[in-house]
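Everything on this sheet refers to the single structure shown next.
Taken together, the values in this text are just the output of simple stated rules run on the coordinates, not laboratory data. Owing to the predicted nature of the structure, the values given are computational and were not obtained by experimental measurement. Every residue, glycine as well, gets a Cβ built from its backbone with ideal geometry; the counts of neighbours run over all protein chains shown.
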């Protein structure tokens, strides 16, 4: 039977990318010198499953490279090699290379062979050099010594209780293979415990009823034994105990070393596994699965009982719920028209419906929400690489990474955040000697903080570096004629200048970033999401960028306005003020454009009815209303007939069945089932300006 | 009854299509029934700025926003008042950027007929002033002439803003 493996490719890629992310995270946590065996285990499993997967699918280049990685990791896992900074760097690079390779394979592009080969060579070199610790660039920490001393270890006797759960086979584990592997490690004595075996007629052929009591003699480390059972974690009770007395045969091998071996071995394990593992060392029969339990717990963090659902399905669900909301509000309107005894019941029923529908809508909304850690997770690596390159010492502190926001918002906020974090590391944090001279710790701190506030999410990116340089910003802005030479500006206004287009300067650009370079782009991206960004800065204390974003792009707070018979929705965030003009407040410019004085500037009037070709209720400016709106830094007064009310509306795309319309960002369905268009204020201002120019 | 069913089966075997016919003034048009999503009564639409004049606006069709095209205006026929009897046929077009739903305003829906493939004759060329590129063919059904519309050609470019390849 031929199975088309291609159908599994997507799932493989998706899983592999996720696995690489977790491998990267684990690598970053890895302490050189005193690595956590569990972390190494995680990293090893990622490499192993990618190798297995790519070999299955015939991605031989990926498989070959991953194999080398795996070999190196195996050395680390077996403690035959030290975790040094050099090795972690190599492995981090390997993560990048594996990611690139998988991406190339996914897009059916050619793999960058040279890069792969170079790194593969480096990895092989590192493996080959493992026996010369002196050759490693990083000095081996003191804690490593006992490990080396333990190497010429003599025989131990291990007693292993292996009690698989019935579902062991279902997960693809084969006890026979495990026993065989143990047999390769040393002298293995196997005792079968078949007590659980049911009568033949009750026997499920796919369940495992057997248990084993194993005795292993030989020069074997606990890690080597537990690694045999790596894949069966969670599918069995496992108990590994060391017999206290060395085996009688052992002294023949290394009689002098034998007495020393045990204590040093204890030190080794206690060093390496400071928290969870001592329990395993002490393993008593009363706590049979203590050692095995620890690992699945760590694994749960990453997949807490979740399923993968395509976003289309969720969008469909959102649509249906949107419908339900509209139908419900239609019913509520209708219900208010009834009278009599039954009407009261009807209305209370409708009120309950309204509540349920609202809850349903909120739950569906939450399905789309993901913790912001999806974005934050890339920063530890980035900050580490950047600070290394710049010769700075930077700590990254992230808080609130479980704060949730909509997936679409998340996808679009990544780049601006990267930009801000890069800026903080590159320009915010000073060099260690400068910091020391200023009485600060040599380690700078970049912090990321996310939290919910009302109906929006706030993300702060800050550093404890030098802060923005007010004088330099002002000087540059004046040079570039962004402000007049004598404009009085408050501190806040000066800091705001960095967001102006055209503030960026070439002289500042490094290969990483320039403070001010592209800040206008950052602000534009955030505005496109309906958010805002502010900057606070204190000289020598550091600066902080505060981003506020809506939780979702599916809903907008809007003001409904009437023009003629039509209703339009204006996003609240764009509205500055609504006012009524009195006769004589409007001036004409060159007999054409109408302007009025608003706060401290002349603002042009845009007649929405002219722009959209409608018949308004009134053409007299003083009879309608002016809504001052702002888009891309420009203000206009939008002339409308009337304001109707504020409401949250569900945004629907016009492009699903139609095409893009200038000045309109989408549509929504009102309570009476009619469609209202949502205005795209920046687009509207552009269209109006073009019309005026024409 | 059974004869009728048998006749339909025969017709299907002979390579026929079921066609929904509708009227615009005195003329009868037909569209492939498989393209018809829904037939509904007229209700006021929301206007779309800067749209071609025959795109009247958009309607809420069970939660999706669907543009409505006036076929009389599209064919440069005399404009008729919209009454509660005016009908909107919701159709789906295949465009290079995927499926699009839209509604056409017509005077009235007639019935569903079977059109055998060899009953369809190509539309004659009238010269430049009568465009026939969206007429798939002419069929004569019980003495009436039915103009079969190629709606992908007719509406596709209006609705999507993407010109269709005439050869497609």
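Working out 0.36 nm times the residue gap between residue A:71 and residue A:313, then minus their Cα-Cα distance, what length gain in nm do you get to one decimal?
Extending this stretch completely gives an extra 83.0 nm.
Note on B:87, B:104: ascending count of other Cβ atoms within 10 Å places them as B:87, B:104, the fewest first. Volume per residue of the convex hull around the Cα atoms, evaluated for the range A:163-236, comes out as 81 Å³.
Report, to one decimal in Å, the Kirkwood hydrodynamic radius for the range A:618-684 based on all distinct Cα pairs.
13.6
Taking packing as the residue-averaged number of other Cβ atoms within 10 angstrom, the listed peptides A:648-660, A:673-685 run from highest to lowest as A:673-685, A:648-660. For the range A:5-134, evaluate the Debye formula with one uniform point scatterer on each Cα (no solvent term) and list log10 I(q)/I(0) at q = 0.10 Å⁻¹, rounded to two decimals. For the range A:5-134, the Cα-only Debye profile gives -0.29. Peptide B:49-62 has a mean shielding of 5, counted as Cβ atoms of other protein chains within 10 Å of each residue's Cβ. Annotation: extensible slack from residue A:78 through residue A:646 equals 198.0 nm (criterion: 0.36 nm per residue apart, minus Cα-Cα distance). Counts of other chain beta carbons within 10 angstrom of each beta carbon in peptide B:63-69 average 6. Rg and Dmax of the range A:311-368, based on Cα coordinates, read 13.7, 46 Å.
For the range A:341-447, the square roots of the Cα gyration tensor eigenvalues, ordered a ≥ b ≥ c, give a/c of at least 1.5 with a/b greater than b/c, which places it in the prolate category. Shape class for the range A:416-492: oblate, because the ratio a/c of the largest to smallest gyration tensor axis (alpha-carbon atoms, square roots of eigenvalues) is 1.5 or more and b/c is at least a/b.
Here the residues A:208, A:69, ranked from fewest to most Cβ neighbours within 10 Å of their Cβ, fall in the order A:208, A:69.
In whole angstrom, how far apart do the alpha carbon centroids of the range A:321-347 and the range A:648-694 sit? About 30 Å separates the Cα centre of the range A:321-347 from the one of the range A:648-694. Ordering A:204, A:213 from the fewest to the most neighbouring beta carbons within 10 Å gives A:204, A:213.
Please give the length that would be gained between residue A:341 and residue A:615 if that part of the chain were fully extended, namely 0.36 nm times their separation in residues minus their C-alpha to C-alpha distance (nm, one decimal). Let's see the in-between values first.
On the way: separation 274, 0.36 × 274 = 98.64 nm, distance 4.49 nm.
Additional length available on full extension: 94.2 nm.
Model label points for residue B:142 and residue A:443, set 7 angstrom from Cα along the Cα-to-Cβ axis, are 8.9 nm apart.
Could you let me know the centre-to-centre spacing of the range A:84-114 and the range A:382-416, using Cα atoms, in angstrom? So the two Cα centres are separated by 21 Å. Mean partner shielding of peptide A:670-681, defined as the number of other chain Cβ atoms within 10 Å of each residue Cβ, is 3. Evaluated at q = 0.09, 0.17, 0.19, 0.20 Å⁻¹, a Debye calculation over the C-alpha positions of the range A:555-693 (equal weights, vacuum) places log10 I(q)/I(0) at -0.25, -0.92, -1.15, -1.27. Using a ≥ b ≥ c from the Cα gyration tensor of the range A:371-550 (square roots of the eigenvalues), is it rounded, prolate or oblate, where a/c under 1.5 gives rounded and otherwise the larger of a/b and b/c decides, a/b for prolate? Oblate.
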